[in-house]
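Note sheet for the following structure.
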Amino acid sequence: MLPGPLRGFVLFGLKMAWSCLFGAGMLALMIATHLFWPADGPVHRYDFLLVAAIAIQCLLLWTRLETFDEVKVIFLYACHRHDHGNLQAKSSGRRG
């Protein structure tokens with residue numbers, strides 16, 4: 001067993017690593033697809049990344065590394081950001 005302060009430090013590091021799983025997975029996929037995705041591939045790169053993001057989220061739910069309540073918060077935030085982007089595009093006269 002580790003001494004108190006060291007144990008707390010290691011536990012903090014593990015919690016931070018756990019919280020980065022989705023972001024690290026998506027970053028790895030974005031870099032890999034940027035470097036290796038064929039221009040004439042059967043699926044557009046960003047369509048693949050969207051499906052991959054959903055798959056990662058489902059995997060985190062299935063392994064119970066994430067709760068359904070956390071997914072609801074992410075979904076509501078994404079919807080809010082999407083609506084905000086649409087409002088900005090409409091006010092500037094752009095289509096989006």
Cα-based Rg and Dmax for the stretch 24-83, in Å, come out at 13.6, 39
Of the residues W18, L29, P5, the Cα lying farthest along the dipole of the stretch 1-76 towards its positive end, which is defined by charges on the beta carbon of Lys, Arg, Asp and Glu, belongs to P5
The stretch 1-55: mean projected area of Cα convex hull, nm²:
5.1 nm²
Of all trypsin sites (Lys or Arg not before Pro) in the stretch 1-72, which ones are in loop regions per DSSP and have a Cβ with at most 13 other Cβ atoms within 10 Å?
R64
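Rule-based calculations on the coordinates, nothing more; no lab input. The structure presented is a predicted model; accordingly, all values stated were derived computationally and were not measured. Every residue, glycine among them, receives a Cβ derived from its backbone with ideal geometry; neighbour counts consider all protein chains shown.
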